[in-house]
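Let me begin by presenting the structure, written as structure tokens, before commenting on it.
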Amino acid sequence: MIHLSEGDINRTSPYTVRVVEGSRAVFTTDYGVLYIISFDKDDTSMSRTTYQFVILNANNRQSPRDKKLRDTIISIVEDFFNCNNEVMLYICETGDGKQAMRNRLFNYWFSSFINKGQYTLLQSSVKDEDGTDNFFAVICRNDYPEAKKVVSEFFDIVILFNNKPKTN
Amino acid sequence: MKNEVTKREDAIRRLNAAKAVKAKAVEEMKLILTEICIKQTGKAPTSFEVL
């Protein structure tokens, strides 16, 4: 069971964050947009337990290039890694075809975080059986005990998807 | 070759399973946001954006 520390998050977060149900964080931006971030246990995607980073907002409203939004997200993610030395998985939503845009947004949010040098970030995209591009990322602390195995498994999965075997 | 096909099928299965985990989380998160919105504004959200 993972947890988040509301007190620690709010020491660095520009927006006031409330932790609900132990592993979910809620905040409202200056634009009045209500966000929720969650880290949900996933025992099926990789050979080890990962935690899926999921983010959504109410009323489908955006906060374009809101630096405070980015910094709040980073505060929450940093706290996740401070409280839990686990593997985080992010899969861009594909339902509306805007996954490439979301991938760019993810890069914008996480570029400063990764530059701190304490984390390993792996990113790729794979086409599923419908031909849809699925952008995904895996992040773990550099001191995660099986970080090398995570990297190896990540690339194995990407290679499997991208080297489609011949069927003749 | 058969082994490669099986591995690829397993990778696709894992991707679909990951999407199912996310879908379940999203439904739970929508309920939380709805509850908060109603408390704050008296109205439920009209839509959600999943990122």
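The set of residues in the stretch A:1-23 being among the aliphatic types (A, V, I, L, M) and without any contact (Cβ under 8 Å) to a residue 24 or more places away in the chain consists of A:Met1, A:Val19, A:Val20. Residues that are at pLDDT 80 or above and of a type in the set (S, T, N, Q) were ranked within the stretch A:140-168; the one that is farthest from A:Phe39 (Cα to Cα) is A:Ser152. Scanning the stretch A:59-72 for residues that are within 11 Å of chain B (Cβ to nearest Cβ) and at pLDDT 95 or above yields no hits at all.
Restrict the check to the stretch A:6-20 and report whether at least one residue is within 11 Å of chain B (Cβ to nearest Cβ) and under 21 Å from B:Phe48 (Cα atoms). Full working, then the answer.
Quick first cut of the stretch A:6-20, residues within 11 Å of chain B (Cβ to nearest Cβ) only: A:18, A:20.
From the residues that got through so far, the ones that are under 21 Å from B:Phe48 (Cα atoms) too are A:18, A:20.
Yes: one or more hits.
The single residue among B:Ala11, B:Ala25, B:Ala17 that is out of contact with any Ser or Thr (no Cβ under 6 Å at 6 or more places or on another chain), at the interface with chain A (Cβ under 8 Å from one of its Cβ atoms) and under 24 Å from A:Ala137 (Cβ atoms) turns out to be B:Ala11.
Filter the stretch B:30-51 for residues that are without any contact (Cβ under 8 Å) to a residue 12 or more places away in the chain and facing chain A (nearest Cβ under 7 Å); which is nearest to A:Gly32 (Cα to Cα)? Top of the filtered list is B:Cys37. Looking only at the stretch A:128-142, which residues are of a type outside the set (Gly, Ala, Ser) and within 14 Å of chain B (Cβ to nearest Cβ)? Scanning the stretch A:128-142 gives A:Asp128, A:Glu129, A:Asp130, A:Thr132, A:Asp133, A:Asn134, A:Phe135, A:Phe136, A:Val138. Being within 18 Å of A:Val17 (Cβ to Cβ) and either at pLDDT 85 or above or touching a His at 6+ places or on another chain (Cβ under 6 Å) (or both) is a condition met by no residue of the stretch A:89-105. Considering the stretch B:18-51, the residues that are of a type in the set (Lys, Arg) and under 14 Å from A:Asp40 (Cβ atoms) include one that is surrounded by the most Cβ atoms within 10 Å (Cβ to Cβ), namely B:Lys22. Scanning the stretch A:24-53 for residues that are in contact (Cβ under 8 Å) with a residue 24 or more places away in the chain and buried (at least 16 other Cβ atoms within 10 Å of the Cβ) yields a total of 15.
A single member of B:Ala17, B:Ala11 is of a type in the set (Gly, Ala, Ser) and in contact with a Leu (Cβ under 9 Å, 6 or more places away or on another chain), and it is B:Ala11.
Of a type outside the set (A, V, I, L, M), assigned to a helix (DSSP H, G or I), in contact (Cβ under 8 Å) with a residue 24 or more places away in the chain and surrounded by 17 or more Cβ atoms within 10 Å (Cβ to Cβ), is that true of A:Asn134?
Working: of a type outside the set (A, V, I, L, M): yes; assigned to a helix (DSSP H, G or I): no; in contact (Cβ under 8 Å) with a residue 24 or more places away in the chain: yes; surrounded by 17 or more Cβ atoms within 10 Å (Cβ to Cβ): yes.
So A:Asn134 fails the test.
Quick one: which residue in A:Ser112, A:Ser125, A:Ser75 is among the hydroxyl-bearing types (Ser, Thr, Tyr) and within 12 Å of another protein chain (Cβ to nearest Cβ)? Walk me through how you get there before you give the answer.
Details: A:Ser112 fails: within 12 Å of another protein chain (Cβ to nearest Cβ); A:Ser75 fails: within 12 Å of another protein chain (Cβ to nearest Cβ).
Residue meeting the stated conditions: A:Ser125.
The values are calculated or read from the model by the stated rules, or taken from the named source; none is laboratory data. The structure presented is a predicted model; accordingly, all values stated were derived computationally and were not measured. Every residue, glycine among them, receives a Cβ derived from its backbone with ideal geometry; neighbour counts consider all protein chains shown.
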